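The values are calculated or read from the model by the stated rules, or taken from the named source; none is laboratory data. All values derive from a computational prediction rather than experimental measurement. Here Cβ is always computed from backbone atoms with ideal geometry, including for glycine, and neighbour counts include all displayed protein chains. Areas reflect the complete protein model, heavy atoms only, side chains present, ligands, DNA and RNA absent. Shrake-Rupley method; radii C 1.70, N 1.55, O 1.52, S 1.80 Å.
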Amino acid sequence: MASALILAAMAGVVAVLLVLRLWIVLHSRVVVPRESLSLMAVAGSGGHTTEILRLLEHLSSAYSPRHYVIADTDEMSAQKISSFELKRADRDPSTMFPKYCIHRIPRSREVQQSWLSTVLTTLYASWLSFPLTYRVKPDLVLCNGPGTCVPICVSALLLGILGIKKVIIVYVESICRVEHLSLSGKILFHLSDYFIVQWPALKEKYPNSVYLGRIV
């Protein structure tokens, strides 16, 4: 009985320490000046990839290297990203060899997939996302709503909790979301360092979000 109480007390202490560490990571926004910023951008099929590339058009070459994460079955996004990087290199003659890489992880959720099985596939994607995030150790994660971004953001957050590296997470809600957040947005609203919305109605509902108008 005594040993069970001791184990329960130790588990409680560990849980409190993890919650405290999570709070510190989520509220730490110290910006360290640097010449370049390693960027991990999560692209989704269709419109999500188009929007994320429009966002990247406005970023300077200082955001380098760029690591793109896509679903393992998303060939269209891979083609769009490669085309985008080639055009970017053509506009900047000094960039003879574009510093980018495309990584693939399993989809968190397929179209019309049941919610119960989605939990399992998301856990599987998260299991494979952490080694990738740990290897890359990005300074910044940029995403805009595809289900693929959830395991990546959780993995980035875990790097901070474990004291490996504080990764800034920036979530930009899709322009299509006028009055309601996407499921990814609802999950990552509390985990992102900066949560950006593009419509005033969402800013009213979520005062802690950042409203910059239409940016894509």
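A few remarks follow.
- If the condition is being open to solvent by 100 Å² or more (accessible area, probe 1.4 Å), under 21 Å from P151 (Cα atoms) and at pLDDT 70 or above, then the range 89-112 contributes only R104.
- Exclusive hit being closer than 24 Å to A71 by Cα and modelled with pLDDT of 95 or more, set V136, V216, V119, V154: V136
- Close pairs (6 angstrom Cβ cut-off, 6 or more residues apart or separate chains): within 12 Å of I105 (Cβ to Cβ) in the range 122-139, β-branched (V, I, T) anywhere: A125/I105; S126/V154; L128/I105; S129/I105; S129/I152
- Residue in the range 46-56 that is at pLDDT below 90 and open to solvent by 60 Å² or more (accessible area, probe 1.4 Å) present: no
- In summary, G145 fulfils each of the numbered conditions (1) modelled with pLDDT of 95 or more; (2) closer than 24 Å to L212 by Cα with the single exception of condition (1).
- Any hit, the range 67-86, residues being among the β-branched types (V, I, T) and modelled with pLDDT under 90: yes
- Candidate set from the range 136-152 (those that are closer than 18 Å to Y63 by Cα and not β-branched (V, I, T)); member that is surrounded by the most Cβ atoms within 10 Å (Cβ to Cβ): N144
- Test: residue in the range 170-189 that is more than 9 Å from the chain's Cα centre (by Cα), closer than 15 Å to L39 by Cα and surrounded by fewer than 22 Cβ atoms within 10 Å (Cβ to Cβ): no
- Considering the range 154-169, the residues that are closer than 28 Å to S117 by Cβ and touching a residue at least 60 places away in the same chain (Cβ under 8 Å) include one that is surrounded by the most Cβ atoms within 10 Å (Cβ to Cβ), namely A156.
- Scope the range 38-73; condition closer than 19 Å to K165 by Cα, in contact with a Pro (Cβ under 7 Å, 6 or more places away or on another chain) and outside any strand (DSSP E or B); matching residues: S38
- Helices (runs of 4 or more DSSP H) lying entirely in the range 132-210 (those with 2 or more residues that are closer than 21 Å to S45 by Cα and in contact with a strand residue (DSSP E or B) (Cβ under 8 Å, 6 or more places away or on another chain)): 149-161, 183-188
- Flag if L202 is at pLDDT 90 or above, over 25 Å from R66 (Cα atoms), buried (at least 18 other Cβ atoms within 10 Å of the Cβ) and in contact with a Ser or Thr (Cβ under 7 Å, 6 or more places away or on another chain): yes
- Pairs with Cβ under 9 Å, 6+ apart, first in the range 205-216 and in contact (Cβ under 8 Å) with a residue 60 or more places away in the chain, second open to solvent by less than 40 Å² (accessible area, probe 1.4 Å) and in a strand (DSSP E or B): I215/V172; I215/I196; V216/V172
- V197 passes every criterion in (1) open to solvent by 30 Å² or more (accessible area, probe 1.4 Å); (2) within 20 Å of T50 (Cβ to Cβ); (3) free of Cβ contacts under 8 Å to residues at least 60 places away in the same chain apart from (1).
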